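Take a look at the structure below.
Computed from the coordinates by the stated procedures, all read-outs in this text should not be read as laboratory data. Please read all numbers here as calculations on a predicted model, not as lab measurements. Cβ coordinates were reconstructed from backbone atoms using ideal geometry, including for glycine residues, and neighbour counts include every protein chain displayed.
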Amino acid sequence: MKENLDISIEDYFQKVEELKNDGYEMMVDLTAIDWFRKKEPRFEVVVNFLSVSKNKRISIKVKLNDELTIPSITSLYPSANFYEREVFDMFGINFENHPDLTRILMPDDWVGHPLRKDYGTGRIPVQFKNAPKVD
Amino acid sequence: MMEENKDTVKDVDFWATNSEEGGWNISSTDEGSQKMLDQEDEVTTKIQMGSEVIDDYFIDDDISDDERMILNMGPQHPSTHGVLRLQVELEGEVVRRVQPVIGYLHTGMEKTGEELNYFQGPTNTTRMDYLSPFFNELVFSLATEKLLDIEVPDRASTIRILMTELNRISSHLVALATGGMDIGALSMMIFGFRERELILDFFEKTTGLRMNHNFIRPGGVAADLPDNWQKDIEKILKVIPEKLKDYDEMLLDNPIWQGRLKNVGILTTEECLAYGITGPSLRASGYAWDLRKMQPYSGIEKYEFDIPVFEEGDVFARWRIKVLEIFESLKIVEQAMGNMPKGPFKIQDKKITPPPRKRLDESMEALIHHFKIYTEGFKVPEGEVYTTVESPRGELGCFIVSDGSSKPYRMHVRGPSFCNLQALPVVMSDSPIADAVAAIASLDPVLGDVDR
């Protein structure tokens with residue numbers, strides 16, 4: 001019922017287009033994995049597709065090169081919009097031709113990408129922005 | 001009288017009330033704000049408005065700039081169901097464009113999930129979608145069990161189904177209650193929460209907590225059902241259908257209710273598929289897709305129930321489908337109660353299940369074993385897994401990457417609310433602002449699930 005595919009970054013957009021024509025109507029999930037100091041290349045993007053007409057799932061895995069850039073699939077699947085923004089926010093991966101690639105969960109002026117493995121937990125003290133002075 | 005009021009309001013400058021003290025810096029109040037919508041290019045607009053799929057957005061050139069304004073709705077707005085903030089571009093009273101701004105409830109739960117071991121994992125995931133905590137626990141447990149390649153006992157599976165379906169009822173009751181309140185049916189608010197209390201009482205009796213139960217864990221469930229649990233379930237099965245009849249009597253043929261909901265906020269099947277919308281909203285748009293039937297989990301294929309489907313795709317259909325799904329869930333609960341198998345409620349695998357409390361006083365080995373599991377957790381073989389369950393809002397998925405240690409290397413939860421929220425601009429655009437509130441309520445987003 002579920003297939004896994006490893007795709008190179010050059011074939012990625014084309015393969016997604018083929019899947020869409022092949023009857024995979026939904027892109028249900030898009031996320032990334034950071035293999036910091038464990039594997040080369042460091043980042044992988046994982047995309048899950050669902051075909052509701054055939055009751056099948058397929059999962060695509062793309063290894064990124066050092067430029068950390070991957071084509072956006074928002075033009076094929078509008079549902080990728082928020083997911084690509086989330087991956088950009090959390091991992092710092094750029095999506096080419098994304099209409100509005102801004103941070104989605106963290107504040108706009110945030111420094112760093114929290115879900116990277118070299119971003120420690122509890123590193124930043126909790127602070128309320130522009131808190132009024134207490135005399 | 002009206003004129004006088006207007007003038008007095010005008011004199012107060014809301015933004016500058018604190019500025020004399022020098023505490024609030026006015027220039028930085030635009031923190032987190034995005035580009036104004038009317039300055040955005042065509043591609044962005046297209047994606048936001050859903051015109052990639054079906055183009056129903058036309059800009060009227062005659063409208064003067066005086067009538068166009070950009071309004072912030074939320075994040076502290078009662079009808080946004082939490083801390084959802086919407087940038088709404090209005091022309092008079094018509095919503096033209098919408099941009100959801102989220103992240104106000106972001107607490108980094110996916111990062112926290114990497115710090116907790118598999119045994120502690122459900123404590124974290126249960127807090128994501130706080131209206132349907134059992135589903136979050138279930139999907140995390142199913143993913144872990146798939147990596148471990150184990151099967152839980154029948155009794156555990158049946159308890160899981162019983163609890164999740166009761167949870168679906170309680171979650172839908174909140175959706176009906178708050179949805180009713182947003183539209184102005186205030187009695188609905190009280191009714192929905194009153195009936196939900198019955199179910200929460202049962203949850204409290206079984207798990208110890210009304211929310212965030214941490215009850216379903218990898219390997220089974222935390223505790224057996226309490227004594228005389230059948231009596232409580234029988235009461236739920238008796239009371240809730242009666243009360244649902246009251247709701248129907250009040251609302252179903254009510255001309256005001258119908259007028260507010262029918263032909264409002266329409267989502268077509270194509271839009272649903274393109275924006276990845278699942279769950280009741282997809283079924284209300286005419287596509288019979290339910291993971292309980294199509295990709296069953298925990299043995300739910302053994303139960304007899306129907307999937308209600310509507311063709312209209314409007315707010316009324318999305319409201320009605322939730323009512324009908326409560327009836328279907330009650331059927332499953334009744335069957336689960338009738339066929340509750342006997343036996344253990346946890347897997348009898350010493351690697352995963354801690355020894356019972358009684359054994360700790362008798363056996364040194366049991367004490368060491370207990371200590372090991374609670375401090376180190378259990379190791380999970382390397383691999384990647386994506387499991388799904390049908391939560392009250394749609395497909396809830398859990399993606400776990402294991403590197404062979406006792407903590408997930410990467411834990412990602414595909415929240416249905418996060419995905420469904422993308423369709424909000426499609427639903428809301430070109431409708432009066434009063435209908436927009438009904439549309440948000442019908443999509444039923446839970447912000448804990450959106451921001452995680």
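Worth pointing out:
- Mean residue ellipticity (222 nm) of the protein assembly as shown, computed from DSSP H runs ≥ 4 via -39,500 (n - 2.57), nearest 500: -12000 deg cm²/dmol
- Size of the range B:109-451 as Cα extents on the principal axes (Å, biggest first): 70, 42, 31
- Which of B:Leu251, B:Leu84, B:Leu200 has the fewest Cβ neighbours within 10 Å, and the rest in rising order: B:Leu200, B:Leu251, B:Leu84
- Among B:Tyr374, A:Tyr24, B:Tyr130, the ranking by other beta carbons within 10 Å of each residue's beta carbon, starting with the fewest, stands as B:Tyr374, B:Tyr130, A:Tyr24.
- For the range B:407-452, averaging the sequence separation of C-alpha pairs within contact (under 8 Å, six or more residues apart) and dividing by the residue count gives a relative contact order of 53 percent.
- Think of each Lys and Arg Cβ as +1 and each Asp and Glu Cβ as -1; about the Cα centre, that makes the dipole of the range B:109-451 roughly 880 debye.
- Residue pairs, from the table B:Lys350/B:Lys372; A:Lys54/B:Lys322; B:Lys146/B:Lys407; B:Lys231/B:Lys346; A:Lys61/B:Lys379, whose Cα atoms sit over 21 Å apart: A:Lys54/B:Lys322; B:Lys231/B:Lys346; A:Lys61/B:Lys379
- Sorting the Cα pairs of the range A:2-96 by distance into bins of 10 Å, from 0 upward, gives 16, 53, 26, 4, 0 percent per bin.
- For the range A:2-96, the relative contact order is 31 percent, taking Cα pairs closer than 8 Å that sit 6 or more residues apart in sequence and dividing their mean separation by the residue count.
- Dimensions of the range B:112-261 along the principal axes, based on C-alpha atoms and rounded to the nearest Å, stand at 55, 36, 23, largest first.
- Our analysis of the range B:379-452 gives Rg over Rh at 1.18, with the two radii drawn from alpha carbon positions and Rh computed by the Kirkwood formula.
- Relative to the longest principal axis of the Cα atoms of chain A, the long axis of helix A:12-21 lies at roughly 60 degrees.
- When the inverse distances between all different Cα atoms of the range B:314-439 are averaged and flipped, the Kirkwood radius reads 19.6 angstrom.
- Cα pair distances in the protein assembly as shown, grouped into 10 Å bins until the bin that holds the longest one, percent each: 3, 16, 26, 26, 18, 8, 2, 0, 0
- Springs join every pair of Cα atoms under 10 Å in this Gaussian network model of chain A, and among A:Lys63, A:Lys117, A:Lys54 the largest mean-square fluctuation is at A:Lys54.
- Taking other C-beta atoms within 10 Å as the exposure proxy, B:Ser285, B:Ser329, B:Ser187 rank B:Ser187, B:Ser329, B:Ser285 from fewest upward.
- Local electrostatic count, B:Lys235, Cβ distance below 13 Å [Lys/Arg +1, Asp/Glu -1]: -3
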